[in-house]
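The values are calculated or read from the model by the stated rules, or taken from the named source; none is laboratory data. Everything numeric in this text was worked out from a predicted model, so none of it was measured. Note that each Cβ is placed from the backbone with ideal geometry, even for glycine, and that neighbours are counted across all protein chains shown. In case anyone asks, the SASA skips ligands and DNA or RNA and just uses the protein heavy atoms, side chains included. Shrake-Rupley method; radii C 1.70, N 1.55, O 1.52, S 1.80 Å.
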Amino acid sequence: MTLALAALLAYEAHDAARSHRATAERALRDYAAVAAFELAAGAGDDLDRAVFPAMAPLTSTRASSPYERLPAPSAIAAPSDSALRCAAPVPDSARTYFRYDFRDGSLVTAGLPLSPRESTRFADTLAAHARAIYQRDWRYAALRTRIAGADRVAFYSLKYAEHEAPIAAFGFTTCGDALGEPLFRAVVRRHALLPVSLVGELPNDSLVAVEVRDAAGRQLFAPASASSAPGAGTPFMGDVSLARFAGVRVRATLRPRAVETLALGAMPRSRLAVLLGLLALTAGMIVLAVLQLRRENELARLRSDFISSVSHELRTPLAQILLFAETLSLNRIRSERERRDAADVIVQEGRHLMHLVENILHFSRAERRMTRLTTEHLALAPLVRDTVDAWTPLAVAGGATVSTELDERVTASADRGAIRQMMLNLLDNAVKYGPSGQHIVVTLASGAGGNARITVDDEGEGIPASERERVWASFYRLDRHANSAVAGSGIGLYVVRELAALQHGRAWVESAPAGGARFVIELNGGAAQEERPASARERLPTPGAHKITSV
């Protein structure tokens with residue numbers, strides 16, 4: 001459910017970001033269309049001021065009758081003489097003024113004369129344009145033509161009769177640049193193409209790249225900065241087609257600066273990668289939580305098994321102690337020998353019980369990182385020998401014999417209680433999991449680098465190589481022992497390794513020469529002491545093997 005909720009939130013966030021971006025892109029395209037419209041409108045205003053006053057005296061009033069006598073085309077020469085003069089005076093020195101009569105299809109011209117071929121072509125073009133393109137609410141229109149081998153623009157206006165029928169078209173021709181660069185450059189220079197409230201006083205060239213083409217696709221206007229400036233090709237553009245002005249098409253493209261200004265900083269970026277990353281992180285955290293829950297359940301099961309195992313191990317010595325203590329208390333002893341035997345059993349089981357309690361205490365302190373050791377420079381042989389001697393009765397009870405091979409010269413910086421606890425755990429492990437009648441060998445020698453090395457060899461089944469690291473984990477038992485009748489808490493070897501590490505040593509297991517397992521404890525600073533001459537008052541024990549064999 002958490003993953004589904006996270007996926008739903010990610011989708012909603014992605015959908016909101018996508019909608020935001022789509023809205024911003026749509027707004028920017030609208031702004032580009034506004035810029036194109038403003039450029040076209042500005043050009044139209046300039047043309048209106050130049051052309052309409054010249055046409056108005058002849059076309060603004062309707063004809064009184066369909067047969068009204070029309071004025072000569074020279075009538076518009078004077079009012080239009082100053083309109084849309086070309087930059088170069090020579091091509092514009094002679095204009096053609098014309099009147100086309102829709103009633104009989106006649107074309108009358110004044111000024112620059114037209115050849116018969118040019119006159120026929122121009123009359124046909126003008127009539128088709130007026131009938132197909134010219135709108136009733138237009139004041140005038142323009143079309144492109146060729147006169148005397150040069151490109152010309154013809155501006156004309158229609159005169160209507162009483163019943164809205166056009167009866168004549170009056171107009172004049174001028175150079176092709178009248179709908180070209182001078183007109184649109186002047187508009188771009190002085191007329192704001194984008195809302196001033198949003199862009200302030202920024203110049204048009206820094207915000208918009210504009211381009212003007214005629215109906216044939218020829219470029220009429222494109223400032224050098226529009227094609228060379230970086231970012232002129234952004235996808236936010238708008239087009240306006242001016243059918244009224246010979247099919248001129250205006251295109252405006254927003255520059256990055258305009259995008260940043262109009263989008264209040266920048267276009268919103270896609271958050272898909274971030275959302276997918278967060279979704280993957282959520283999925284990973286869910287998997288981690290599931291694994292942690294499984295681990296917690298496993299630990300709970302292991303602790304439950306541990307409590308059960310410890311309770312079982314504690315109950316056996318307690319039962320023995322209680323049995324023989326009651327025997328002594330009720331004076332059911334028949335001889336002094338039986339009394340000593342009962343007392344020995346109580347002492348032996350008490351030691352076993354003390355060993356179990358010490359293990360549990362060491363494990364608890366190790367789990368809480370509260371174990372504190374007091375190390376000192378020790379001769380290890382006496383300590384190992386005393387520990388083995390104390391354990392021998394328990395080994396005998398388990399049907400095992402123990403022998404030692406101790407180098408009396410080996411010393412180490414160690415804690416006495418920790419060494420004793422490690423030895424007792426390894427001996428208990430060897431007796432518990434070894435066969436009846438086995439022989440356990442405890443060795444103390446100087447290892448590689450002068451370290452002290454203690455080994456405990458048993459004659460059991462050994463430990464597979466794949467399990468030799470896992471046996472040191474808390475609560476872990478080999479599969480062959482997990483469901484067996486052999487009692488065990490699974491913390492003995494864990495305590496051994498923890499105590500070895502706290503003394504800057506290490507512990508591991510390998511194969512024993514006799515085929516069982518060899519557990520090794522290696523402690524730092526265990527170089528053998530140099531032999532000194534013996535005196536009458538002090539003599540070191542002879543290096544060699546110290547044997548303890550059960551009776």
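For this structure, a couple of remarks:
- Shape class for segment 133-261, computed from the alpha carbon gyration tensor (a ≥ b ≥ c): prolate, with a/c not under 1.5 and a/b above b/c.
- Amide hydrogen proximity for residue 246: with H placed 1.01 Å from N in the peptide plane, the residues at 5 or more positions away or on another chain lying under 5 Å are 142.
- Centroid-to-centroid separation of segment 312-339 and segment 501-518 [C-alpha atoms, Å]: 37 Å
- Remark: segment 424-466 carries 36 Å² of accessible area per residue (probe radius 1.4 Å; ligands, DNA and RNA excluded).
- Segments 191-204, 348-361 sorted - mean Cβ within 10 Å per residue, highest first: 348-361, 191-204
- Structure-based [θ]222 nm, the chain - -39500 (n - 2.57) summed over DSSP H runs of at least 4, per residue, nearest 500: -15500 deg cm²/dmol
- Scalar couplings 3J(HN,Hα) for segment 456-473, obtained by applying the Karplus form with A = 6.51, B = -1.76, C = 1.60 to θ = phi - 60°, are 10, 9, 10, 10, x, 7, x, 10, x, 4, 6, 9, 5, 8, 6, 5, 7, 6 Hz; x denotes Gly and Pro.
- The portion of the accessible surface of segment 1-43 made up by carbon and sulfur, rounded to a whole percent, is 65 (1.4 Å probe; DNA, RNA and ligands excluded).
- Working note: Karplus 6.51/-1.76/1.60 with θ = phi - 60° gives segment 329-335 the couplings 5, 8, 6, 9, 8, 8, 8 Hz, where Gly and Pro are set to x.
- Taking a ≥ b ≥ c as the square roots of the Cα gyration tensor eigenvalues, the chain comes out prolate, since a/c reaches at least 1.5 and a/b is larger than b/c.
- Area accessible to solvent at residue 339, 1.4 Å probe radius, in Å²: 90 Å²
- Protection proxy ranking of 391-398, 28-35 - average other beta-carbon atoms within 10 Å, highest first: 28-35, 391-398
- The spacing between segment 269-303 and segment 21-55, judged by their C-alpha centroids, is 57 Å.
- Residue-count net charge about residue 254 - beta-carbon cut-off 12 Å; Lys, Arg +1, Asp, Glu -1: +1
- For segment 319-398: rounded, prolate or oblate by the Cα gyration tensor [a/c cutoff 1.5]: oblate
- Whole-angstrom gap from segment 374-393 to segment 412-485, using each part's C-alpha centre: 16 Å
- Database remark: amide H of residue 405 closer than 5 angstrom to the amide H of 442, 443, 444, 546 (H placed geometrically; neighbours at sequence offset of 5 or more, or on other chains; Pro and chain starts carry no H).
- For residue 281, the accessible surface of its heavy atoms amounts to roughly 100 Å² (probe 1.4 Å, protein chains only, rounded to the nearest 10).
- Nearest-10 value in Å² for the accessible area of residue 100, using the 1.4 Å probe: 20 Å²
- Which of 102, 519, 37 is most accessible, then next, and so on - probe 1.4 Å: 37, 102, 519
- Environment charge at residue 514 (Cβ cut-off 10 Å; Lys +1, Arg +1, Asp -1, Glu -1): -2
- Farthest toward the positive end of the dipole of the chain, out of 287, 235, 496, is the Cα of 235, where the dipole comes from beta carbon charges about the Cα centre.
- Rolling a 1.4 Å probe over the protein heavy atoms of segment 356-408, with every protein chain left in place, gives an accessible area that is 53 percent carbon and sulfur.
- A cut-off of 5 Å between modelled amide H atoms, ignoring neighbours fewer than 5 places along the same chain, links residue 221 with 212.
- Per-residue 3J(HN,Hα) values for segment 288-299, derived from phi via the Karplus relation 6.51 cos²θ - 1.76 cosθ + 1.60 with θ = phi - 60°, read 4, 5, 4, 4, 5, 5, 5, 5, 5, 5, 5, 5 Hz in sequence order (x marks Gly and Pro).
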